[in-house]
Amino acid sequence: MQITGVRILHERFPTDEAYPFNLEIFQKTDSIEFSSPVTFFIGENGTGKSTLLRAIAKRCSIHIWKDDERYRFRPNKFEDELFRYIDVGMTGGEVTGSFFASELFRYFAEVLDEWAIADPGTLSYFGDESLMGRSHGQSHMAFFQNRYHREGLFLLDEPENALSPKSQIAMLHLLKNVIPKGKVQFIIATHSPILLAFPGAEIYSFDTIPIQKVGYEDTEYYRVYRDFLNNREKYLDWS
């Protein structure tokens, strides 16, 4: 384990009127603990799970790749500031690892290709082949398969976005294989009931206030997919 938990310092929030500090879930959650090498954050869009994931990355000094900045109509100066108002329990000194988000991955892959022009050996860390020369899902899996065999704290924001169901199952096998080999820890924000099925994983729901741990079969994702597959006619009856 690289980190043991997160404490949210809501009493120090600089405002209660702007995102993410206006979210009741952050105002009323004191802390969450990590006791499994795989933890999932789940919840509807806008509940704060990705925001907390990014805050953990920044608090641990894990780089988040960014594309070129664009002008915003009404920029929110507080949007990326949650990391200043959390404490992360670290088991050692410096935390190593990486942050993955599919919307940022193409920018990373493009920069990697530029590095490879000067140093082709750079690609040896990712299967000796440009990530840009593969499909979206294939490039993601190539990154996962090569990066996660090293020690570290790995934060993933909805990695299932480009993965087929079969690739998501392959991702489960990858997690199973790398965890016994070293000091690795995964915190994953996801909507995928396939990924959530990882044995022994902790699941924290952002659909409850405060953030609470839930069982796999108690997640809405599991229930909705189960009910749809068992009785899809009910959901497709638009009469």
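The values are calculated or read from the model by the stated rules, or taken from the named source; none is laboratory data. Just so it is clear, the structure is predicted and the values come from calculations on it, not from any experiment. We place every Cβ from the backbone using ideal geometry, glycine too, and count neighbours over all the protein chains shown.
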*From the list G97, G48, pick out the single residue that is within 30 Å of I194 (Cα to Cα), modelled with pLDDT of 90 or more and in contact with a Pro (Cβ under 8 Å, 6 or more places away or on another chain).*
G48
*Please work out which one of (1) within 25 Å of T190 (Cβ to Cβ); (2) in contact with a helix residue (DSSP H, G or I) (Cβ under 9 Å, 6 or more places away or on another chain); (3) at pLDDT 95 or above is the condition R84 fails and give its number.*
(1)
*Could you grab me the full set of residues in the range 17-43 that are modelled with pLDDT of 95 or more and among the charged types (D, E, K, R)?*
E24, K28, D30, E33
_Can you tell me how many residues within the range 34-51 are within 13 Å of the chain's Cα centre (by Cα), free of Cβ contacts under 8 Å to residues at least 60 places away in the same chain and over 14 Å from L82 (Cβ atoms)?_
0
*Which of the residues spanning the range 79-104 are without any contact (Cβ under 8 Å) to a residue 40 or more places away in the chain and either touching a Lys or Arg at 6+ places or on another chain (Cβ under 9 Å) or surrounded by 15 or more Cβ atoms within 10 Å (Cβ to Cβ) (or both)?*
D80, F83, R84
_Long-range neighbours under 7 Å by Cβ, at least six apart or interchain, first residue under 16 Å from H173 (Cα atoms) within the range 138-156, second among the hydrophobic types (A, V, I, L, M, F, W, C) and assigned to a loop (DSSP other than H, G, I, E, B)_ = H140/L163
*asked:* I'd like to check something: does the range 183-193 contain any residue that is farther than 26 Å from C60 by Cβ, modelled with pLDDT under 95 and charged (D, E, K, R)?
replied: no
_Can you pull out every residue in the range 110-169 that is among the hydroxyl-bearing types (S, T, Y), under 19 Å from V184 (Cα atoms) and outside any helix (DSSP H, G or I)?_
Y148
_Conditions (1) in contact with a helix residue (DSSP H, G or I) (Cβ under 9 Å, 6 or more places away or on another chain); (2) within 26 Å of C60 (Cβ to Cβ); number of the one not met by Q138_ = (2)
*Give the number of residues within the range 57-81 that are modelled with pLDDT of 80 or more and assigned to a loop (DSSP other than H, G, I, E, B).*
10
